[in-house]
Amino acid sequence: MIQIKKVVVGDLEENCYIITNKNKTIIIDPGDDSQKIINKCKNHNVVGVLITHHHFDHVGALNEILNHYSISEEKFIEGFDYKILETPGHSKDSVTYYFYKDNIMFCGDFLFKDAIGRTDLPTGSDVEMKKSLEEISKYPDDTLLFPGHGLSTILGVEKDNFDYYYKNLNL
């Protein structure tokens, strides 16, 4: 079972996640406050960084973290079991990391507790958001969601809101 630490960083209170599996650690979305993230990773073997999308509040500390640990941003990091789900809508490059053995998703700004990500920013799309919601709804209801801002939630609870979101998207 992976261990998860949440570090809230930056003016937009972005959730950066520190994920440890056995003796390896990855950082998801180092948005700001690189020293705060580094301090939380003390005594950890940081082996990589994952990014859910490239908005400034999710990558603001990326270069400092990569340089500090002499690592690179990766798609797949050895020692961690996850699938990358393309979930555009909030942005064209939005992805969700599904840690299938633990039934956990890190979804960036695609999906939040009681909300979906904004689609009115550059490369956002209501049509793509609807497709992404339809795709994510195929996953188990008890999947834990760790969003890019705010509180974690459960996919089944969020699915109850999908019809409301569909009606409010400009399709």
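The values are calculated or read from the model by the stated rules, or taken from the named source; none is laboratory data. Here the structure is a predicted model, which is why all the values come from computation and not from measurement. All Cβ positions, glycine included, derive from the backbone under ideal geometry; neighbour counts span all protein chains shown.
Every residue, every condition in (1) in a loop (DSSP other than H, G, I, E, B); (2) polar (S, T, N, Q); (3) out of contact with any Phe, Trp or Tyr (no Cβ under 9 Å at 6 or more places or on another chain); (4) within 30 Å of T25 (Cβ to Cβ), yes or no:
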site: I77; (1), (2), (3), (4): yes, no, yes, yes
site: D81; (1), (2), (3), (4): yes, no, no, yes
site: G89; (1), (2), (3), (4): yes, no, no, yes
site: D120; (1), (2), (3), (4): yes, no, yes, no
site: E128; (1), (2), (3), (4): no, no, yes, no
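Do we find that K24 is basic (K, R) and buried (at least 16 other Cβ atoms within 10 Å of the Cβ) in this structure? Yes; evaluated as a whole, the condition is true for this residue. Look at (1) free of Cβ contacts under 8 Å to residues at least 60 places away in the same chain; (2) on the phi > 0 side of the Ramachandran plot; (3) of a type in the set (D, E, K, R) and you find that E13 fails only one, number (1).
Determine which member of the set F80, F76 is among the aromatic types (F, W, Y), farther than 28 Å from N168 by Cβ and without any contact (Cβ under 8 Å) to a residue 12 or more places away in the chain.
Criteria check complete, one pass: F76.
Report whether or not F106 is outside any strand (DSSP E or B) and either crowded, with 16+ Cβ neighbours inside 10 Å or without any contact (Cβ under 8 Å) to a residue 60 or more places away in the chain (or both). So F106 fails the test. Residues that are more than 21 Å from L111 (Cβ to Cβ), modelled with pLDDT of 95 or more, of a type outside the set (D, E, K, R) and surrounded by 16 or more Cβ atoms within 10 Å (Cβ to Cβ) are absent from segment 89-101. Taking into account only those residues within segment 66-88 that are polar (S, T, N, Q) and surrounded by fewer than 17 Cβ atoms within 10 Å (Cβ to Cβ), which is nearest to E128 (Cα to Cα)? Going through the qualifying residues, I end up with S72. Applying the condition of being free of Cβ contacts under 8 Å to residues at least 40 places away in the same chain and either surrounded by fewer than 17 Cβ atoms within 10 Å (Cβ to Cβ) or of a type in the set (S, T, N, Q) (or both) to segment 1-10 and asking which residue is nearest to L62 (Cα to Cα) yields V8. Quick one: would you say L85 is among the aliphatic types (A, V, I, L, M), assigned to a strand (DSSP E or B) and in contact with a Cys (Cβ under 7 Å, 6 or more places away or on another chain)? When the stated conditions are applied, L85 does not pass them.
Yes or no: segment 42-50 includes at least one residue that is under 15 Å from the mean Cα position of the chain (by Cα) and either at positive phi or not hydrophobic (A, V, I, L, M, F, W, C) (or both).
Yes, some residue in segment 42-50 is under 15 Å from the mean Cα position of the chain (by Cα) and either at positive phi or not hydrophobic (A, V, I, L, M, F, W, C) (or both).
With respect to the conditions (1) over 13 Å from H149 (Cβ atoms); (2) outside the structural domain of F162 (by TED's automatic domain parsing); (3) among the polar types (S, T, N, Q); (4) in contact (Cβ under 8 Å) with a residue 12 or more places away in the chain, N67 lacks only one, and its number is (4). When Y164 is tested against (1) of a type in the set (F, W, Y); (2) within 23 Å of K5 (Cβ to Cβ); (3) loosely packed, with under 15 Cβ neighbours inside 10 Å, only condition (2) is not met.
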